[in-house]
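Chemist: This structure is in structure tokens; I'll ask about it shortly.
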Amino acid sequence: MSYLQVKPIEIIPGLSESDSYVLLLQEPQSGKCLPILIGLQEVQSILVAKEQIELPRPNTHRLTLNIMETFGLTIKGIRTEQLLEGVFYAHIVVTDGFNDKIIDSRTSDAVALAYATNSQIWAKHTVIEEAGCDATALIGNLPHHETNDDATATSPTPTLSELEIMLQQCEEREDYEQAAEIQAQIDRIKQGDINK
């Protein structure tokens, strides 16, 4: 089976639902992106892992990694295996140093774990051929989203308005620890210290 390495390049707001976002995984040689629909909680989990934010208590991804470490397992890589009825399916390849095991996963969870462990993400060639699209067209169609070549080449960062929505939702569910982290990001953006 042929796999190509992909990299998360952007998280953009979805076009239909207010709580939907699209995670773009790009294959650098062709420039094609896999548009993976995710929700607000998945965005938060990915950002916590990407920014290496230390939470007072482990979230689900940190708990997963703690369990793996306890049993001597490490992540070897993430693979996006198929697209079925509009849903991307991913596998996490883990190893104990001798044997590899494949664990079924939501793609968003796999990406968060990839960020947390600095693991590579791969997509099956046939998935890229079937579902790959032009990221510039997707990003360019968003009226409030400014395209920045440097930002697009790095990693997903929500816009100020997205962070403000995330902050409001954290406060509504009384998740004040996460709200404090998001507020800190908002403050840095407003001060001009962060433009990734």
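Every number in this text was worked out from the coordinates using simple rules, so none of it is lab data. As the structure is a computational prediction, the values presented were derived from the model and not from experiment. Positions of Cβ are generated from backbone atoms using ideal geometry, with glycine treated the same way; all protein chains shown enter the neighbour counts.
Chemist: Using all alpha carbons of segment 3-153, what is the percent of pairwise distances in each 10 Å bin, ordered from the shortest bin to the longest?
Modeler: Cα pair-distance distribution for segment 3-153, in percent: 11, 40, 35, 12, 2, 0.
Chemist: Then there's this: Compute the FRET efficiency between Glu129 and Ile102 as 1/(1 + (r/R0)^6), taking r as their Cβ-Cβ distance and R0 = 25 Å, and round to the nearest 0.05.
Modeler: Values: r = 22 Å, r/R0 = 0.89.
Computed FRET efficiency for Glu129 and Ile102: 0.65.
Chemist: Now a separate question. Gain in length, Leu73 to Leu160, computed as 0.36 nm per residue apart minus the alpha-carbon separation, to one decimal in nm? Numbers along the way, then the final one.
Modeler: Details: separation 87, 0.36 × 87 = 31.32 nm, distance 3.72 nm.
Going from the current span to full extension adds 27.6 nm.
Chemist: Shifting gears a bit: Going through the cross-link list Lys50/Lys190; Lys32/Lys190; Lys50/Lys124, which pairs have a Cα-Cα distance over 30 Å in this structure? Intermediate results must be reported in sequence, preceding the final value.
Modeler: Details: Lys50/Lys190 20 Å; Lys32/Lys190 32 Å; Lys50/Lys124 23 Å.
Lys32/Lys190, as the Cα separations exceed 30 Å there.
Chemist: Sort Arg188, Arg62, Arg57 so that the residue with the fewest other Cβ atoms within 10 Å of its own Cβ comes first and the one with the most comes last.
Modeler: Fewest-to-most Cβ neighbours within 10 Å comes out as Arg57, Arg188, Arg62.
Chemist: ³J(HN,Hα) across segment 82-89 via Karplus (A = 6.51, B = -1.76, C = 1.60, θ = phi - 60°), whole Hz, x for Gly/Pro?
Modeler: Result, rounded to whole Hz: 7, 10, 10, 6, x, 10, 7, 10.
Chemist: I need the calculated FRET efficiency for the pair Gln183 and Thr136, taking r as the beta carbon distance and R₀ as 41 Å, to the nearest 0.05.
Modeler: Details: r = 32 Å, r/R0 = 0.77.
Taking R0 as 41 Å, the efficiency between Gln183 and Thr136 is 0.80.
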